[in-house]
Amino acid sequence: MRVDTASEPSLLIATDLTRAYRGGKGVFDIRLRLAAGEVVGVMGPNGSGKTTLLRLLATAATPTSGQVSWFGTTNARDPSVRRRLGVMLDQAAHFDQMTGYQNAWFFAHQFGLSDALARERLDELFSWSGLWDARDQLVGEYSLGMKRRLNLVEALVHRPSILLLDEPTLALDYRAELDLIERLQLLSLTGTAVVLATNDVHLAERLCDSILFLHEGRAIREGHVPELLTEVAGSKEVQLQLNSPISLEGLRSLAAVEAANVDGDTVHIILARGANPAQVLAVLNGTADLVSNMRVRRPNLGDLFLKLTGVALPVGHR
Amino acid sequence: MMLAGTIWQREFVEFAQRRRALVIKLAFPLLVAIPLVLSRAPSIYAAMALTMLTAIVGPLGAGAVLTRERQTGLTLRYRTLPVTPGRLLIERLSTNAVIDFGQLIPVLVLIALRHPSAFAWWPALLLTTAAVLLIGNLMGAVASSLSQSPGEVMLYVVIPLLPLLYLSGVFTPLSQPALLVVSRLLPFSYLHEALLGALGGQPTLPPWETLLASLGFLVGAAGLTGRLGRRVFESD
């Protein structure tokens, strides 16, 4: 059963958080509150600021303005803050000339674990992550997926109060992703708060309590997952695989179309509530050989993002 | 399998596991020193070459490693550790300086065996070598914060190092009073003096003065290292 967080103070509060980089990139005026056991997903296309936001929350970057409060303190360098954060950044950075177990041992001790506790937890986590047989292999010989799993082990080993995970399912196979979802659900039930930056709609819908949509560094929408999904409920997403390009403007002008975007040779269309895919096909009348494939499905968080911004989230990792 | 839980232990473990680098690191100074010391090259030339060698060993190693870590994202991970940047930099650079010192021990032993009568200079030589290695590592660390690649860091190390060596009187004896004063503010001049003395040459300073100055540089470098932690690990 999820812990009651109503009376709990927020573990993390970001207020008007801004980090500006040259060229106009960065994140601007972000507000975020995170209670114990809460799982927040940060979604947005590449370059939208997800990684920058995660780095700010993880104390790996300094804000240009605004502030983050962790457990009631705004001192990002306070060791007692960092000991309670479990961080998996976007880069799978390790000491390549050391083995996976040596890397994890080093990080476990940096977070204050004793030899006995580190050994006990690392043995369990290496088994869970499927890295047990590769524990004595140099990290330089690991695949990207193995390095990402090692990152997860290192983020989890000291049982942090807040987990900050950047694209945690990137390069993971389906089995590993399911294991991760299950583990994070369990951690959430025992009070661990999680922020994850992801474009994996499947992961976000299964795991997150709420979602923060980022677009060009700004929060454009936030809310609980069921509440967000009602905004696209009743409509449909139509994916048309085309043999040759068509005018998106023509499609967008249709009353039946709420949003449309092209991704390679596929057009993604969000239909208005009650609209029928046949209405779209009717527009393509006379070019019957234009559509090579058509798929209609229930809309998801990615479709809501498309509806809000006109920009499609990158295709999921699977 | 060796396990390392602290920053300095990790530096040693990683170094010990890189066998090829270990062999190269130990062989390189000896390849430079053996012909110089055994052939009884004039002490002024031998001291110049060995001062340059010692001055360049630290910054190149530290600069290249830290730049590579910045590229791979390890520097970002350091920022999330519950360790102050100052302590992190002191632990890393002092460990690297100790490793560099170990690399130069065969050279120092060779000098001592070849010139046993110059034993009065040995304490000063040991201390100036340690001070120059720590300062060199610090130079490399600062250079890494300005560089995008290990190749670029070499430029940022060598460009200031060569004029500093000149100003230290390593290439040619300094006669102008102003330049002499400048040379006494630079650690390389004391290393050069100690090497000259240990190689049986004619240094201008007595051993105790060189020893004291080196001690000052060593303490100063340690203090500066602690203060530059943020500059090195938190500059974006």
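No lab work stands behind these numbers, since they all come straight from the coordinates. Keep in mind the model is a prediction, meaning the values are calculated, not measured. Because the Cβ atoms are built from the backbone with ideal geometry, glycine has one as well, and the counts that use them run over all protein chains shown.
With θ taken as phi - 60° and the coefficients 6.51, -1.76 and 1.60, list the Karplus ³J(HN,Hα) couplings across region A:296-305 in order, rounded to whole Hz; mark glycine and proline as x.
Computed from phi, the couplings for region A:296-305 are 10, 8, 5, x, 10, 4, x, 5, 5, 4 Hz.
Given bins 10 angstrom wide, list per bin the percent of all Cα-Cα distances in region B:155-229, short to long.
18, 45, 31, 6
So for the protein assembly as shown, what percent of the C-alpha to C-alpha distances run longer than 40 Å?
Roughly 41 percent, rounded to a whole number.
How far apart, in nm, are the 7 Å Cα→Cβ label points at A:ASN293 and A:GLN241?
So the label points at A:ASN293 and A:GLN241 sit 0.2 nm apart.
Shielding of B:80-87 by partners, i.e. mean partner chain Cβ atoms within 10 Å per residue?
6
Suppose we take every Cα in region A:233-309 and form the convex hull; what volume per residue is that in Å³?
82
Amide H to amide H, which residues 5 or more places from A:VAL42 or on other chains are under 5 Å from it, using H placed in the peptide plane?
Residues meeting the criterion, in which the H sits 1.01 Å from N, are A:LEU196, A:ALA197, A:THR198, A:LEU212.
log10 I(q)/I(0), Debye, Cα-only region A:75-186, no solvent, q = 0.16 Å⁻¹?
-0.69
Between B:ALA21 and B:ILE34, with labels modelled 7 Å along Cα→Cβ, what's the label distance in nm to one decimal, could you check?
That separation, rounded to one decimal, is 2.4 nm.
Return one number: the angle in degrees, 0 to 90 and rounded to the nearest 10, between the long axis of the Cα atoms of helix A:144-156 and the longest principal axis of the Cα atoms of chain A.
Here the helix axis deviates by roughly 60 degrees.
For Cα pairs less than 8 Å apart in space and 6+ apart in sequence, what is the mean separation divided by the residue count of region A:10-229, i.e. the relative contact order in percent?
It rounds to 31 percent for region A:10-229.
Residue by residue through region B:169-178, what is 3J(HN,Hα) from phi via Karplus (6.51 cos²θ - 1.76 cosθ + 1.60, θ = phi - 60°)? Round to whole Hz and write x for glycine and proline.
x, 6, 7, 8, x, 8, 10, 5, x, 5
Given H placed 1.01 Å from N in the peptide plane, which residues other than close sequence neighbours of A:GLU258 have an amide H under 5 Å from its amide H?
Placed amide hydrogens put A:ILE270, A:LEU271, A:ALA272 under 5 Å from A:GLU258.
For region A:216-231, take each phi angle, set θ = phi - 60°, evaluate the Karplus expression 6.51 cos²θ - 1.76 cosθ + 1.60, and give the result in whole Hz per residue in order, putting x for glycine and proline.
Ordered by residue, 3J(HN,Hα) equals 6, x, 10, 6, 9, 6, 9, x, 6, 4, x, 5, 5, 5, 5, 5 Hz.
Percent relative contact order of chain B, based on C-alpha pairs within less than 8 angstrom and at least six residues apart?
Once normalised by length, the contact order is 30 percent.
Taking the simple approach of a point 7 Å from Cα along Cα-to-Cβ for both A:TYR174 and A:ASN276, what is their distance in nm?
3.4
In region A:220-318, which GluC sites (Glu not before Pro) are in a loop and have at most 16 other Cβ atoms within 10 Å, using DSSP for the loop call?
Passing sites in region A:220-318 are A:GLU231.
Would you grab the residues whose amide H sits under 5 Å from the one on A:VAL87? Only those 5+ places off in sequence or on another chain, please, with H modelled 1.01 Å from N.
Here the answer is A:LEU164, since their amide H atoms fall under 5 Å of that of A:VAL87.
Once every DSSP H run of n ≥ 4 in chain A is given -39500 (n - 2.57) and the sum is divided by its residues, what mean residue ellipticity at 222 nm do you get, rounded to the nearest 500 deg cm²/dmol?
Computed mean residue ellipticity for chain A: -9000 deg cm²/dmol.
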